[in-house]
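Please read the structure below before turning to the comments.
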Amino acid sequence: MVLRSPFIGAYCEPGVTLALVPFAVDLPTSLALASDALRVRLAPGEEHAELWPPIDSSIRSARATGGLLRSEGEAHGVVVWEPAGPLGVAIRLLYLSPPRASVESYREALDLTERAAGPIAFAPGPLGGLSAEEESTMMTERGFAPYGRLEMGFPATATPAPLPTPPTGEVRPVQPDDEPQLARLHESAYRYHLDRYLSIEDIDPARDSDHQLRDYFGARWGLPLSPGSMVVVLGGRVVAAALAVRRTSKVLIIDVMAEPALQGKGLGRAALAGALRALRDRGETAIVLNVTEANERAVRLYTSLGFVRTMGPSQEWYNARRMRVEIPPAVAGHSVGVGSDSAGR
């Protein structure tokens, strides 16, 4: 990793007791601390052995962005972040080992990261060595609010629910020429929801939704499946959708969305039930989606259709000063309507 001027500036500022240095300065220690950082933040159901290889590879090959946190020449922790997006950087690993792990040291580590990388949009939890109360107080003071994510799976033995057909409407597979209408549906369904920010490409909601649907049809998240992705059409308009893609060993449902004005009428249920039935007809047995932890309406919908929790919840923080999120109350995590859940990018 190339040593850049923001790192040097961080070293030289008076009063700074932590320094951020490239992983390559001490690769074995970098790998050991990154491994410890991953163990601290594993969500229920996650396995270190499954998640570690890409992290290990990215640090060894100098593709990872971040560095060692050192004081007086000794490594005390590690930080790894993703390249900056429209709202700032997403920190994926942040860890300080005992006895260095303290509120003040984590504050310094976050300040160093912002000097080196820019504003922080997302940060991980839990922060090793801090109590839940210490972490919550520190992150709240910095303008962050908590959220978590769950993975839910549709068991291989589960039978899809009967397909409800909306009055005067139809449920059908997604077609390529649905892209413009799906983009406008995405724009309306995700506006001001935290889920939109998890994969944001553009600050402007309309342009961002265009990006998201272009990425879906362009197979950025995996090969789009149709049949397997379904829309609900009323009066010639696409008003709900469930979009599925092929991953290496499973099918991932990446979006379940409905027009906000029509939520509560079973349109999201119809789209998802249709997708499940089409996926089973294709012979798919491993089907998963992700949902924000406190989205109780969505969790109830997925549970009623046969999904069970397979992983999580994770513990995460989002920058509430940089994101306009109207739902839910910050203390409870993220909660959105059934029709506007972004399921797993």
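The list [x] 17.3; [y] 31.0; [z] 22.0 gives values of mean projected area of the Cα convex hull in nm², and only one came from this structure; which label was calculated from it?
Correct label, based on the coordinates given: [x].
Restrict the search to the range 62-143; then list the GluC sites (Glu not before Pro) that DSSP places in a loop and that have at most 12 other Cβ atoms within 10 Å of their Cβ.
GLU72
Once amide H atoms are built 1.01 Å from N in the peptide plane, which residues 5 or more positions from GLY77, or in another chain, come under 5 Å H to H?
Those qualifying (amide H under 5 Å, at least 5 residues apart or on another chain) are LEU69, SER97.
So who's got an amide H within less than 5 Å of the one on SER229, skipping anything under 5 residues away but keeping other chains? H placed 1.01 Å off N, in plane.
VAL174, ALA244
Give the share of C-alpha pairs in each 5 angstrom bin for the range 5-142, from 0 to the last occupied bin, in whole percents, shortest bins first.
For the range 5-142, the binned pair fractions read 2, 10, 21, 24, 23, 14, 4, 1, 0 percent.
Between THR285 and THR29, what is 0.36 nm times their sequence separation minus the Cα-Cα distance? Round to one decimal in nm. Walk me through the numbers on the way to the answer.
Values: separation 256, 0.36 × 256 = 92.16 nm, distance 4.12 nm.
The span from THR285 to THR29 would gain 88.0 nm if fully extended.
Using DSSP, restrict attention to beta bridges with both residues in the chain and report what percent are antiparallel, rounded to the nearest 5.
Bridges in the chain that DSSP calls antiparallel: roughly 90 percent.
Please work out the Cα center distance from the range 179-232 to the range 28-99, rounded to the nearest Å.
30 Å
Rounded to whole Hz and in sequence order, give me ³J(HN,Hα) for the range 125-134 from the Karplus expression 6.51 cos²θ - 1.76 cosθ + 1.60, θ = phi - 60°, writing x for Gly and Pro.
x, x, 9, x, x, 9, 6, 4, 5, 4
Relative contact order (percent) for the chain, with alpha-carbon contacts under 8 angstrom and 6 or more residues of separation? Walk me through the numbers on the way to the answer.
On the way: 707 pairs, mean separation 72.7, N = 345.
Taking the mean separation of contacting Cα pairs over the length of the chain, I get 21 percent.
Once you place label points 7 Å from the Cα toward the Cβ at SER249 and LEU51, how far apart are they in nm?
About 1.6 nm separates the two model spin labels.
Over all directions, the average projected area of the alpha-carbon convex hull for the range 87-165 comes to how many nm²? Present the calculation step by step, with values, prior to reporting the outcome.
On the way: hull surface 36.6 nm².
Taking the Cα atoms of the range 87-165, their convex hull projects to 9.2 nm² on average.
Bear in mind that the values in this text are calculations on the coordinates, not laboratory data. Only a predicted model underlies this, so the values are computations on that prediction, with no experimental measurement involved. A quick note on method: Cβ atoms are made from the backbone with ideal geometry, for glycine too, and the neighbour counts reach across all protein chains shown.
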